[in-house]
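Below is one structure, written out as structure tokens; comments come after it.
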Amino acid sequence: MYTLSRRHFLETVAGSVALGGVAPRILAVVTDDAVDLAKPLPRQVVWQDCEVGVIFHFDMPLFAPGGRTHKNSIHETWDPKIYNPAKLDTDQWVATAKAMGAGYAVLTATHFNGFMQWQSDLYPYGVKQAAWRGGKGDLVKDFVESCRKVDIKPGIYMSCFRNAYWKVDRYQVDYGKGGPKQSEFARTCEKMFEELCSRYGPLVQIWFDAGNISPDEGGPDLLPIADKHQPEMVFYHSPQRREHRWIGNEVGYAGYPCWATMPDLATAEAMHKGRWKGFRKVLLHGDPNGKLWSPGMVDTVLRNHHWFWYANTEHKIEPLDRLVKFYYESVGRNCNLILGLTPDPTGLMPEPDVKRCAEFGAEIRRRFETPITETKGTGKEITLTPPQPQKMDHAIIMEDIAEGERVRSYLVEGLVPGNTWRKLCEGISIGHKRIERFDPTEVAKVRLRVTESVAEPHIRQLALFNTES
């Protein structure tokens, strides 16, 4: 039996990049279902089914003199009383996400500045000391409740990588030097994490920007807390658990092919620390032979390239066609897309941003909400017959990822006038979702032929669309 080596995979990835993204042909062989495939946990399937998410960056530096937000103010703290968003409305934030089509939303509960946006007595720098709502406000509570009103799954962003209040940089106190307060900071992180995990009901994920170091390196011991309070939550990430991966850029695209599997945890940790020369390519493309289920997260921002609000940057809002391109090159390549949104210091999403998000959601719904026809099935060939011969220009293919990624190459053909089969598109990886675009073609039937696989294909959906209509 021929199996694809990691070296061969990296060579094909390099070839793909060199050819400007043209997908190389990967050799594989059909085996039986006993093949040892990586498979997702149920919570990972739930996260991948969300497909599109948003992250709201909102933090104390928005209220600082001069509005210094871009550098996230990692070396400076302020009197917490200046935190006072007079019009704050998380219902409006989440309505923006809903209109965009987001399945989940993430809040920066505490960013690099260390300001805690929930009621906590762990240290005196948070909303409890703020002027906002007389020190009684709880942004995390408001946010989670707003999400649940409109059936969006809430998630939380928390930083142990940097914390200005504790003078932490790159996980270590004393701005990266470490010292006697390191253990105290780690215990505080555990308590912060426990408060967030235990008080607000089920969460879809906790997002640790830049991850965490392990307990034996002086980091907090977080996994027992996650397992106790949030057993159905995706954890991102630490050397012990990486339930999805950063795609390796912040500009809105995944590579193709893009697999949801990665090398083992030890190799993934080496990649994270930059000890593996090809790690960026593997983040971008995954590893088809990987034993770690860690699908890609494609993160980018609505206002290029501002994660926090800045005045007079409306001209930086991404145009609609760019947002649609992000969608095709993330969700359409087996990844989740997460878009950074920036409430202003009053506590509202700016109207130009709200409008663009609604336009984006409407366009994706226009294209893909109603297929011409769809089906599902098991096996190497699936045929789909529309109600009548008609033009189409897109196919969406989904595997049942609960059974692992089985397809290694495929071909989609249409039965055109003259009763002949014509190639519409072909590809390599499918995974959770692959969006294929092709020239508008009138067809009477469409068939998906899996030309190479590592086990019997399980196709969750084959759907056809005409986006010109």
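Quick one: residue 402 ticks every box in (1) in contact with a helix residue (DSSP H, G or I) (Cβ under 7 Å, 6 or more places away or on another chain); (2) over 25 Å from residue 252 (Cβ atoms); (3) crowded, with 19+ Cβ neighbours inside 10 Å except a single one, so which number is it?
Status for residue 402: all satisfied but (3).
Among the candidates 131, 109, single out the residue that is within 14 Å of residue 60 (Cα to Cα) and surrounded by fewer than 22 Cβ atoms within 10 Å (Cβ to Cβ).
Within the list 131, 109, the selection yields 131.
Taking residue 77, is it at negative phi and either outside the structural domain of residue 307 (by TED's automatic domain parsing) or outside any loop (DSSP other than H, G, I, E, B) (or both)?
no
Within the stretch 128-185, how many residues are outside any loop (DSSP other than H, G, I, E, B), closer than 26 Å to residue 87 by Cα and of a type in the set (Gly, Ala, Ser)?
Here the count works out to 4.
Of these, 216, 169, 264, which one is surrounded by fewer than 21 Cβ atoms within 10 Å (Cβ to Cβ) and touching a residue at least 60 places away in the same chain (Cβ under 8 Å)?
Within the list 216, 169, 264, the selection yields 169.
If only one of 282, 331, 298 is under 16 Å from residue 247 (Cα atoms) and free of Cβ contacts under 8 Å to residues at least 60 places away in the same chain, which one is it?
Selected residue: 298, the only one of 282, 331, 298 that is under 16 Å from residue 247 (Cα atoms) and free of Cβ contacts under 8 Å to residues at least 60 places away in the same chain.
Regarding residue 228, is this residue surrounded by fewer than 22 Cβ atoms within 10 Å (Cβ to Cβ), assigned by TED's automatic domain parsing to the domain that holds residue 46, of a type in the set (Lys, Arg) and over 22 Å from residue 39 (Cβ atoms)?
yes
Given the condition outside any strand (DSSP E or B), crowded, with 21+ Cβ neighbours inside 10 Å, touching a residue at least 12 places away in the same chain (Cβ under 8 Å) and over 20 Å from the mean Cα position of the chain (by Cα), answer yes or no: does some residue in the stretch 92-103 qualify?
No, because not a single residue in the stretch 92-103 is outside any strand (DSSP E or B), crowded, with 21+ Cβ neighbours inside 10 Å, touching a residue at least 12 places away in the same chain (Cβ under 8 Å) and over 20 Å from the mean Cα position of the chain (by Cα).
Which of the residues that make up the stretch 429-469 are loosely packed, with under 15 Cβ neighbours inside 10 Å, out of contact with any helix residue (DSSP H, G or I) (no Cβ under 9 Å at 6 or more places or on another chain) and outside any strand (DSSP E or B)?
Of everything in the stretch 429-469, those that are loosely packed, with under 15 Cβ neighbours inside 10 Å, out of contact with any helix residue (DSSP H, G or I) (no Cβ under 9 Å at 6 or more places or on another chain) and outside any strand (DSSP E or B) turn out to be 444, 468, 469.
Please go through the stretch 288-308 and give me each residue that is assigned to a loop (DSSP other than H, G, I, E, B), buried (at least 18 other Cβ atoms within 10 Å of the Cβ) and touching a His at 6+ places or on another chain (Cβ under 8 Å), ordered by number.
Correct list: 294, 295, 307, 308.
The values are calculated or read from the model by the stated rules, or taken from the named source; none is laboratory data. Predicted model, so just to flag it, every value in this text is computed and none were measured. Heads up, the Cβs are rebuilt from the backbone with ideal geometry, glycines too, and the neighbour counts pull from every protein chain shown.
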